[in-house]
Amino acid sequence: MSPLLELPGAVAGDGIDAGVAWHYGNPVAEQRRLEQGTGWVDLSHRDVVTMSGPDRLTLLHAMSTQHVERLAAGEWTEGLILSPHGHVEHHFAGIDDGTALPLHTEPGAGVGLVDFLTSMRFMMRVEVQLDPDQAVVVGPGGDVTFIARGELASLPTRWGPPSGTWAYEALRIAAGRPRLGLDTDHRTIPNEVGWLGTAVHMDKGCYRGQETVARVHTLGRPPRRLVLLHLDGSAERLPSLGSDLLLDGRAVGRVGSSARHHELGPIALGLLKRSVPVDAELVADGVAAAQEVLVDPGVGLHVRARL
């Protein structure tokens, strides 16, 4: 439980974001501070996994979608662990300090990431462990930072009033950035949700699941595509996470995370069948929704067979 929940006006989050503040009494002002670069966010509920030892980058390079073998100290990286069939199992981001590589991942996902990387290290000189003494915050200006958990309570004095996860999530959704387990499911491949280029290095050598990513990127279309949903503002509620997206009464996708944006109004991310027309009006858990394209339904058509 974050000590920042003791601040005046703090309202605790729930679900996967329990343990930190959803807002501190004024989510509109909190969003504006973030947009202006003066706000900051407590994400200390996220798991931190630390890799240490001289072979830490070699192991992560071999197992993930990202090219980290020559990652410089102080350079941020983002990557995925895929199943043999190319489905996304883990998403992480972190920064190497020259001796260790802390990675942050979704709340509750750290144990699985530790177990997988540990099982694949074989004779490599690397240790992988959960690090409960480190916390994740988004600092003023938008930079993600790892700090000692004991420093959390002092941050309002240093940085001013914080923003809650409501504000942070609204801006994330508007930017079209998916979260694993919220905006994805067990069948999601990176091509469907816009992770190519950011979390997948397209010129990297072999890694688990690469064949699926490469085949869809060069020859095929992704089975589904991520969209930004602009929800009917007259509805008094947001759609439930994981509920069906309907077209003419037929399920054509699923609803991901949602929030109320201070300018766009209620918005959500959705994962749709590629064949759904890009201008089709949808229904998200009883709420009318217009879609904004985030992933081109034709993405991946880089190679044409010559007849």
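A short reminder: the numbers here are calculations on the coordinates, not readings from a lab. Remember, predicted model here, so these are calculated numbers, not experimental data. As a convention, Cβ positions derive from the backbone with ideal geometry for all residues, glycine included, and neighbour counts pool all protein chains shown.
Results, tabulated for the structure shown:
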{"item": "Segment 71-189 - percent relative contact order, Cα under 8 Å, separation 6 or more", "result": "20 percent"}
{"item": "Hydrodynamic radius of segment 190-293 per Kirkwood, over alpha carbon pairs, in Å", "result": "14.8 Å"}
{"item": "Label assignment, semi-axes √(5λ) of the Cα gyration tensor in Å derived from the structure, set [x] 30, 29, 15; [y] 28, 24, 19; [z] 33, 23, 19", "result": "[x]"}
{"item": "Qualifying GluC sites (Glu not before Pro) for segment 149-256 [loop in DSSP, other Cβ within 10 Å: at most 15]", "result": "E236"}
